[in-house]
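Have a look at the structure below before the remarks.
The values are calculated or read from the model by the stated rules, or taken from the named source; none is laboratory data. These figures come from a predicted structure and were not determined experimentally. Backbone-built Cβ (ideal geometry, glycine too); neighbour counts: all protein chains shown.
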Amino acid sequence: MRKEAGKKYVTIDWKPDRMAKEPLYRQIVEYIMGKVGKGHWTAGSRIPSQRELAGLFQVNRSTVVTAMEELYAFGILESDFGGGTRVAAGTWPMLMAKAPDWNKYIRSGNFRENQPAIQTINKLEMDSRYIRLGTGELAPELFPREFAEEIMLRLPGQIPSLNYIGPLGLLRLREALSDYLSKKGIFVKPSELLITSGSLQALQLISVSVLQPGSVVFTEAPTYLKSLYVFQSAGMKLSGVSMDREGLEYWKIRQDGGALLYTIPTYQNPTGTVMSSQRRKELLDFCERNQLPIIEDDAYGELWFEDAPPRSLKALDKGGTVLYLGTISKTFAPGLRIGWVAGPEAVVERMGDIKMQVDYGASSVSQWMLAEILRSPEYSAYLTKLRRQLKERRDNMLRALELYFRELAVWNVPSGGFYIWCRLKKPVNMERIFQKAKKEFLLLNPGNIYDFKENYALRLSYAYAKPEQVEEGIRTLARIIREELG
């Protein structure tokens, strides 16, 4: 459903068949009756205007009027006081053998729905007509096809079966990860590693395994975590902590028990900030003294361009303060759906027990594949090439910004990762910018989905769109913003 001014509108992805014998208006009536009768469109769901429906169905407006009149007569649709149309409450479900009011069940669920802008992005990212200027995903052309094929060819000789794997994940993969992380100064045993179905599942497992409802989760402001409701859905509260050039201003944290800190110290999402080495030491010391556990998300740590970033918080941690999250999604392929958590055995075992209740383990094939990837010397060569390609894409986006945005915004020059944090110089209605860009087949990630307050920024990604698309998209976006500024 789309959402405007607090109203939800149904999604329509169907058109009547002009070659069918049944009249077009009758096909529309049956389509809407089916959506309501099966509970897809719940009571109170908003219906687009007659003009919009005519465009969606690709019929004359008179055809829509005829269909709507019949649906009004059946009591399936009704007009609201504002002149719009919505699914009638009560009448039609009674005619449909007392179909359940799914709307009531949906509202009563614990997990909160995504922000409208994120729902729109998630749906339209699969539409190839759009230029995706904010997507946090590697472009398909960056995928190492030959390397992946070689790994896949090795698997039949490595995999003894595809049965379920134990609570912590494939031992061979955990051993490979233990070796791999040791090269980054993170020394953990296989028993201190949990394999998850991506970093997002790791966050969800943490939210239900180590925190009580009402706990506070501190995080940078702005932060990727603000765009998710994983902790809020579990009854926790997010509290934003400001940043300076060196990273999180930890001395502003005010905590009174029952809290933890979530941070992305390396190529922070969405700002691209890298926490300095000194700040990392100070932050860890502060958290140890205040018994404040840390979740360190290191999704982008290997994507540096010139110089490697400072050592991770986990590499500095000697007392078990840090839960370390990693993933293959940003460096290889998000579709593998593999991430990991490194932490004290008691914590990862608790999370593993809950994971077995949730999905009984991450994909066996993906785990075997990642074990082979990490043990292959070709993976290091691939990362070197990927860093060079991402740097070229970054430079291309910076040139486009310099050309079209010089008078409109200021931005950071990231030393790694995926993102440029572009801050507009003048206030502008970001929702209108988002909607206008969408009409021109541009998908944006506005900054307010990541922040705790209104801001006028955009998270721009150079990792996905083709270089020529980036210039076209930046040029179009600059025109839209100038028009909005008048």
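Filtered by the rule that a residue be more than 25 Å from Pro334 (Cβ to Cβ) and modelled with pLDDT of 95 or more, the stretch 294-306 gives no residues. When Thr321, Thr266, Thr271 are checked against the criterion of being over 24 Å from the mean Cα position of the chain (by Cα) and among the hydroxyl-bearing types (Ser, Thr, Tyr), Thr321 stands alone in meeting it. Only residues that are modelled with pLDDT under 95 and aliphatic (A, V, I, L, M) were counted in the stretch 120-147, giving 3.
Yes or no, residue by residue, for (1) out of contact with any helix residue (DSSP H, G or I) (no Cβ under 8 Å at 6 or more places or on another chain); (2) within 18 Å of Asp359 (Cα to Cα):
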{"position": "Glu175", "(1), (2)": "no, no"}
{"position": "Ile195", "(1), (2)": "no, yes"}
{"position": "Leu200", "(1), (2)": "no, yes"}
{"position": "Gln204", "(1), (2)": "no, yes"}
{"position": "Gly214", "(1), (2)": "yes, no"}
{"position": "Tyr224", "(1), (2)": "yes, no"}
{"position": "Phe231", "(1), (2)": "no, no"}
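Could you tell me whether the stretch 54-64 includes any residue that is over 24 Å from Gln119 (Cα atoms), in contact with a helix residue (DSSP H, G or I) (Cβ under 7 Å, 6 or more places away or on another chain), of a type in the set (S, T, N, Q) and loosely packed, with under 13 Cβ neighbours inside 10 Å? Within the stretch 54-64, one or more residues are over 24 Å from Gln119 (Cα atoms), in contact with a helix residue (DSSP H, G or I) (Cβ under 7 Å, 6 or more places away or on another chain), of a type in the set (S, T, N, Q) and loosely packed, with under 13 Cβ neighbours inside 10 Å. Every listed requirement among (1) under 29 Å from Arg387 (Cβ atoms); (2) of a type in the set (A, V, I, L, M); (3) modelled with pLDDT of 95 or more is met by Val241 save one, (1). Pairs please, first residue from the stretch 71-82 and surrounded by fewer than 18 Cβ atoms within 10 Å (Cβ to Cβ) and outside any strand (DSSP E or B), second anywhere and of a type in the set (A, V, I, L, M, F, W, C) and modelled with pLDDT under 80, Cβ atoms under 9 Å, 6+ apart in sequence or on different chains. Filtered contacts from the stretch 71-82: Phe74/Trp92; Phe74/Leu95; Gly75/Trp92; Gly75/Leu95.
Identify the residue in the stretch 436-486 that is among the polar types (S, T, N, Q) and part of a loop (DSSP other than H, G, I, E, B) and, among all such residues, is farthest from Lys391 (Cα to Cα). Among those residues, the one meeting the criterion is Asn455. Right, Lys318: surrounded by fewer than 16 Cβ atoms within 10 Å (Cβ to Cβ) and either on the phi > 0 side of the Ramachandran plot or not in a helix (DSSP H, G or I) (or both) or not? When the stated conditions are applied, Lys318 passes them.
Just name the residue that is surrounded by the fewest Cβ atoms within 10 Å (Cβ to Cβ) out of those in the stretch 192-218 that are assigned to a helix (DSSP H, G or I) and in contact with a Lys or Arg (Cβ under 8 Å, 6 or more places away or on another chain). Step through it out loud before you land on a result.
Initially, the stretch 192-218 is screened for residues assigned to a helix (DSSP H, G or I), giving 192, 199-209.
Subsequent filtering for residues that are in contact with a Lys or Arg (Cβ under 8 Å, 6 or more places away or on another chain) retains 201, 205, 209.
Details: Gln201: 21, Leu205: 24, Ser209: 17.
Across the stretch 192-218, the extreme among qualifying residues is Ser209.
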